[in-house]
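Written below as C-alpha cells is the structure these notes are about.
Read the figures in this text as sums done on the coordinates, not as results from a lab. The structure presented is a predicted model; accordingly, all values stated were derived computationally and were not measured. Positions of Cβ are backbone-derived with ideal geometry, glycine not excepted, and every protein chain shown enters the neighbour counts.
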Amino acid sequence: MTGTPLIEVEDLRIDLDDGSRRVAAAEGISFRIDRGETFGLVGESGCGKSITALALIGLLRQPLSIGGGAIRFEGREIQHLSARRQRELRGNRIAMIFQEPMTALNPVSPVGRQIAEMFVLHKGKSWREAAQLAVEALASVRVPAPERRVNDYPHQLSGGMRQRVMIAIALACGPDLLIADEPTTALDVTVQAEIIELMRNLCAARGTAILMISHDLGLVANVCRRVAVMYAGRIVEERGSADIFRAPSHPYTQGLVASLPRLGSRAALGRSRLKEIAGVVPAITNFPDGCRFNPRCAQATDICRTLAPTADFLEAGGLVRCHHHA
Amino acid sequence: MHEPKNRSGETGPGDDLILSVEDLAVHFPLGGGLLGRNRRMLRAVDGVDLKLKRGECLGLVGESGSGKSTVALSILGLQTPTRGRIVVDGQVVTGRPAGGRKALARTVQIVFQDPYASLNPRQTVRRTLEDPLRVHGVTAASEIEDRVATMLRHVGLRPEQADRYPHEFSGGQRQRIGIARALILNPKIVICDEPVSALDVSIRAQIINLLLELKDTLGLSYIMISHDLGIVEHMSDKVAVMYLGRIVENGHWREIFERPAHPYTQALIAAIPDPLRHAPLATTGGDLPNPLNPPNGCAFSPRCRYAEDVCRSEPGPALETRADGHAVRCWRGEEIAGQMASAEGGVSRVDGASAVHRSLPRQSF
Amino acid sequence: MKLRANLIIGGALFALAILVGLLAPWLAHTDPVLDANLLNAEEPPSWAWWFGTDDQGRDIYSRVVYGARVSLTVGIVSQLINSVIGVALGLSAGYWGGWWDDFVNGLTNVMLAIPSLIFALAIMAVLGPGLTSLLIALGLTNWSFTCRIARASALSLRNQGYVQAATVLGYGDLRIMITQLLPNMLGPIVVIGTLGMGSAVLSEAALSFLGLGVRPPFPSWGSMLSDARDQITTAPWLSVFPGLAIFLTVLGLNLLGDGLRDILDPQSRSRRA
C-alpha cells in the first residue's frame, strides 16, 4: 500500500432524483484499489454496487448523479472532468464489462470491427492496422479461429463467446483498471469458470487491476484479494477475501455466509435448517435510520436504530461498520 | 381420483414410485427444406429415464441447453413427447387427450423461477388462489375461503394479505404466493424450476427452508431444477445430471457429490469457485457443443480430459447402472470415479467447506 | 399518476359531445325535423338563430345538437363491434397459433389492403342506407389494427409465467384468454379503440356526405354537411357548424387516446430493480 493507489474513492455519495426529492442511493463509499490488485464489491440488487461502478467510469445518468465525495485516479480527481476527458479515460485507462454482453455489443456491427474501433479511437491506428490487432485480440481471449470470427455478428456467438469479445474490447487498449459488473451471472458454471480464468490470467499478465461486482460472495472471494460487502447503499464490511468467509464480522455478512448451502457442507455436517436472514431488503426510498441492517439484525439495540455506525478497523486488517461487531 | 396403481402394468402395488419417466424424447424439427428434405432435428431430450419416489426430492442438474426444462415441461403436460412415456402416480399421462390436463393438474404442479413474471399483475392473491379451486369443482364459498387462508398460512403469509396485488409484495413474498398457487390443489409432485435464483441472496434461505418444510408437512415429492449445486446438494435425495438431452449420471446425492463418476459431473463440481482458496477454477475447455450438430460418440468427449478414441466413436456409451443404483454414462466411469478428489482442489474443498460450516454455528449471532 | 393536458382536454371534449347528445331534447331550441318554416329560410347566425337556419328554415343549432346522437352512436357502437371482433380474432390467433393464426393473419392483411371506407361503401350499397347498416358497415371494416395489437400482445403474454401456471392448473383455454391474457392487454386496446371512435365519426360523416348514411330528414353531422354542399358560398354556416362539431369531437377522441396511451403504456408494473 505504498504510494498513490490506482483508484481511490472517498466518501462518495450517489443521489437518486425521483422527481420530487433526492435520496442517497449510496453514501459514504470509500475504498482504494492498488495497481494490479483485485477488489470485489458484493451485495444484493439495489445495494448500490453497480451504480458505484458506473460513477467510477463516469457513466451515471439521470436520475442518478454524484452528490459528494471524490474519485481519484492516480491521485487526480476525475469526477468533475469534462465529458471529453472522461471519454478519454474510459476505454483507454478504465474499461468495463457487463452482465449481458448482448446489450453492450452493437448488434449490427461485426465483432472484429467493434474491437478494431477501440484501436482507431484510442490509439490512433489506421483501420487496416486495427483489423489485424482485432484478430490478435480475439486470439488472446482464446476465441477459436479468430480470423473468421472477426466477421461474425454478436448474435452468431454463444453467451460465453460474446463475453470473451467484451473482454477483448475492454482490454484492447491495455487499461489500468477493468470493472467487471456481474460478468458471468448470465453464464453456465463451466463457462463461468472459463471466463473468470481468462479474465484473471489476462489481467495478471498485463498488470491490470480488477474491480469485480457480483452478488455471488463465493465467486468474488475466489477471484479477489479484498472484498467489500455493501448493504442498502453503504459498505458494511471490507476484508481480505479468505477472512470474510472464515470469520465474517458484520451480522449481515455472517448471515449471508451462513444462509446459503455450500457444496460439501451437507456431506460433512448433515442437513440442518438454513439460517435465515429475516425480513426484506429495504427500498432505496425507504432506508431505515441508524444502521440500515438493524430491522433484520438479531443483535440490534437502541443505538443501532438511531446512529449509523462508523468504520471500525479490525486488528486482522479490514474494517466493519457495526456497533456490536464480533 | 385414486385408481389402482398397477394400471400401467409396470409399477406394481406397494411400489413407492410417484413418477416414472421412461425413455422420454422430445425432438424439435427445425425449418429445413420442403417435404422434409434437409430437415434437421433438435434433440432437446433424447431418451431420458427418471424415477421419483414418494416423499423424495430429485435434483435435476445441467447447463442451459441440457434439456432439463424440456423434461419438466413434458412431465407437466406442456410439451408433447416425441417418444417415451411418463407415469404419474400409477397413471400413464403421455398421449392422453387434452382433457387429461385437469387430472394432471391435481397431481403435478410447478414453482417458477421468476416470481415477478409468474404472477398475473391484474389479479389479487385471493383470485390467484381461488380460481384454481373453482376450476376444479370446489364450489362452497366457506371451503374456498378456508383453503386459501390455510394455504397462505402454510407459506408464511397472513390471510389478511389476500386482497393485495402482486406488486404490493417483495420478491420473496411473491415467491411464497407462487408456492401457494402451486400447492392449492394439493398436488403430489412439485417441480421447482430454479425457485430461488431470481431472489435476493439474503432471501433465498427463507424460501429453501419453506420448500423443505412443506415437503415434509404436506408429504410432497419434488423435482428440483437448479444450476446451484450447493442448493441441489442441500435439498435432494437423488440427483440426475443432464448433458445435451441425456442423463449422464444419476444416483444418491452423496454419491454424486462425493464420488462423481462422470467427467462432466466432476467438471461441474470443480467449476464452483471455492471462496476459501484464492486458486484458479478448474476449466473444461470450450462451450457446450451445438445441439444441432452433436459430437460423435460421447457428447462430452470434445471437452473431456479423459477422452480416448473409443469415446469419439459411435455408438456412444450407455447409461450403466451399478449395483448400488448409481448410473453413469461413460466408457471410463469405473476408472475415473472420484478421481476428481485426487486432482487439484477436490478433497481439500470439501474439508475446507466443512471447516467453515463447523465453526459457524458456534459464532455468536 | 399525472393527468396530462391532452387527457383532460380530450376527455372534456368527448364528455361534452356525449352530454350534448344525451341532453339534446332539453338543449335544442326547436325540433330538428318538424320545425321547418320557409319564412326563416337561410337566416345567418344571430341571437335568435345561434347557428343560423337552413334552406327549409330549420334551426342549425338544434340539428347539430341532435346530430350528436347519430354521430356518437355510430362512433361508439361501431368501434365496440370492431374492438370485440379484433380482440376475439387477435387474442385467439395469438394464443392458439397454428392454422387459425395463419387464417386470421391473412384476413387481417386483406382487410388492411382494402381501404376500409371503400369496403364500408360496398356493404352499405348492399344493405341500403340507414343507421343500422351504417353500424354494421363501419363495425365490420375497422378491426384490423385492434386485431394486430391483440395478437401481438397475446403472443408475448402467452409465454409469461402466469399463463403457463394457469395452464398447469388445468384452466380451460377460454378462461386463460379471458382472465389471464385479456386484462393484461387492455391498455393498448382501449387506446386503439378511442382513436378508432374518432375515425368512425369521420367515416360516418363521409358516408352520410355521400348520401349513404342516416336517412334525411333526421340530422347527422355528415348528412348536414352533404345537404350544405350547394350553399357553401351563399350560406357557409350550414357547413361550418356541423364541420366544427365533427372536428372538435374527433380532436377530443384523438387527444383522449393519446392521453390514455401515456398513462397506460408504461405499464403500471412494479419496478424490478
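Protection proxy ranking for C:101-107, C:9-15, B:106-112, A:229-235, using the average of other Cβ atoms within 10 Å per residue and placing the highest first: A:229-235, B:106-112, C:9-15, C:101-107.
Charge tally around residue B:319: other residues with Cβ under 10 Å, Lys/Arg +1 each, Asp/Glu -1 each, net -1.
Mean separation of Cα pairs under 8 Å and 6 or more residues apart, divided by the residue count, gives the range A:208-326 a relative contact order of 24 percent. Could you tell me whether the range B:43-100 comes out rounded, prolate or oblate from its Cα gyration tensor? Rule is a ≥ b ≥ c as square roots of the eigenvalues, rounded for a/c under 1.5, then prolate if a/b exceeds b/c, otherwise oblate. It comes out oblate by the Cα gyration axes. Please check: in the Gaussian network model of chain A (C-alpha springs, under 10 Å), which one of A:107, A:146, A:295 has the largest mean-square fluctuation. Result: A:107 has the largest fluctuation of those listed. Spacing of the modelled spin labels on residue A:298 and residue B:53, each 7 Å from Cα toward Cβ, amounts to 3.4 nm.
Pairs of Lys residues in the protein assembly as shown that lie 8 or more places apart, or on two chains, and have C-alpha atoms under 22 angstrom apart add up to 20.
First check a/c for the range A:258-326, with a ≥ b ≥ c the square roots of the eigenvalues of its C-alpha gyration tensor; if it is under 1.5, answer rounded, and if not, answer prolate when a/b is larger than b/c or oblate otherwise. In terms of gyration-tensor shape, oblate. Against the main long axis of the alpha-carbon atoms of chain A, helix A:189-206 sits at an angle near 70°. Residues considered: C:130, C:213, C:193. Largest GNM mean-square fluctuation over chain C, using C-alpha springs under 10 Å, is found at C:130. Here's the picture: charge each Lys and Arg Cβ at +1 and each Asp and Glu Cβ at -1 in the protein assembly as shown, and of A:135, A:245, A:259 the one pushed furthest to the positive end of that dipole is A:245.
What does the C-alpha gyration tensor say about the overall shape of the range C:169-273? Classify as rounded when a/c is under 1.5, otherwise prolate if a/b is larger than b/c, or oblate. It is oblate, given that a/c is not under 1.5 and a/b is not larger than b/c. Here the spin labels are modelled as points 7 Å beyond Cα on the Cα-Cβ line, and at residue B:318 and residue C:232 they lie 8.9 nm apart.
Which of the listed residues, C:260, C:48, C:138, is farthest toward the dipole's positive end in chain C, when Lys, Arg count +1 and Asp, Glu count -1 at the beta-carbon? It is C:260, whose Cα lies furthest towards the positive end. What is the distance in Å between the Cα centres of the range C:200-253 and the range C:17-67? What the calculation gives is 14 Å, centre to centre. Taking the inverse of the mean reciprocal distance over all distinct Cα pairs, the Kirkwood hydrodynamic radius of the range C:149-205 comes to 12.7 Å.
Only Cα pairs under 8 Å and 6+ residues apart enter the sum, and on that basis the relative contact order of the range C:60-196 stands at 35 percent. Working note: 222 nm ellipticity from helices only, DSSP H runs with n ≥ 4, each -39,500 (n - 2.57), summed and divided by the residues of the protein assembly as shown, gives -13000 deg cm²/dmol to the nearest 500. Among the residues of B:195-207, the average count of other protein chain beta-carbon atoms within 10 Å of the residue beta-carbon is 6.
Between 0 and 90 degrees, rounded to the nearest ten: what's the tilt of helix C:98-113 against the longest Cα principal axis of chain C? Around 30 degrees separate the two axes.
Counted by Cβ distance under 10 Å from residue B:24, the other residues give a net charge of -2, where Lys and Arg count +1 and Asp and Glu count -1. Considering only C:217, A:228, B:311, and ranking their Cα positions along the charge dipole of the protein assembly as shown that arises from unit charges at the beta-carbon of Lys, Arg, Asp and Glu, the one farthest toward the positive end is B:311.
Think of each Lys and Arg Cβ as +1 and each Asp and Glu Cβ as -1; about the Cα centre, that makes the dipole of the range A:253-326 roughly 460 debye. First select every other residue whose beta carbon is under 11 angstrom from the beta carbon of residue B:67; then total the charges, Lys and Arg +1, Asp and Glu -1. The answer is +1. Around the Cα centre of the range A:81-179, unit charges on the Cβ atoms of Lys, Arg, Asp and Glu (plus for the first two, minus for the last two) sum to a dipole of about 180 debye. Could you list A:126, A:65, A:20 so that the one with the fewest beta carbons within 10 Å of its beta carbon is first and the one with the most is last? Exposure proxy ranking, most exposed first: A:20, A:126, A:65.
Pairs of Cα atoms nearer than 8 Å and 6+ residues apart set the relative contact order; for the range A:1-151 it is 20 percent.
Kindly express, to the nearest 10 degrees and within the range 0 to 90, the angle between helix C:60-96's C-alpha long axis and the longest C-alpha principal axis of chain C. It works out to around 20 degrees.
Charge dipole of the range C:135-273 (Cα centre as origin; +1 on each Lys and Arg Cβ, -1 on each Asp and Glu Cβ, all else neutral): 640 debye, rounded to the nearest 20.
The calculated Kirkwood hydrodynamic radius for chain A is 20.9 Å, given to one decimal from all distinct C-alpha pairs.
Using every pair of separate Cα atoms, the Kirkwood estimate puts the hydrodynamic radius of chain C at 20.4 angstrom. Note: the protein assembly as shown, Cα convex hull, 238 Å³ per residue.
Roughly speaking, what is the centre-to-centre gap between the range B:264-294 and the range A:90-147 when only Cα atoms are used, to the nearest Å? When both Cα centres are located, 26 Å separates them.
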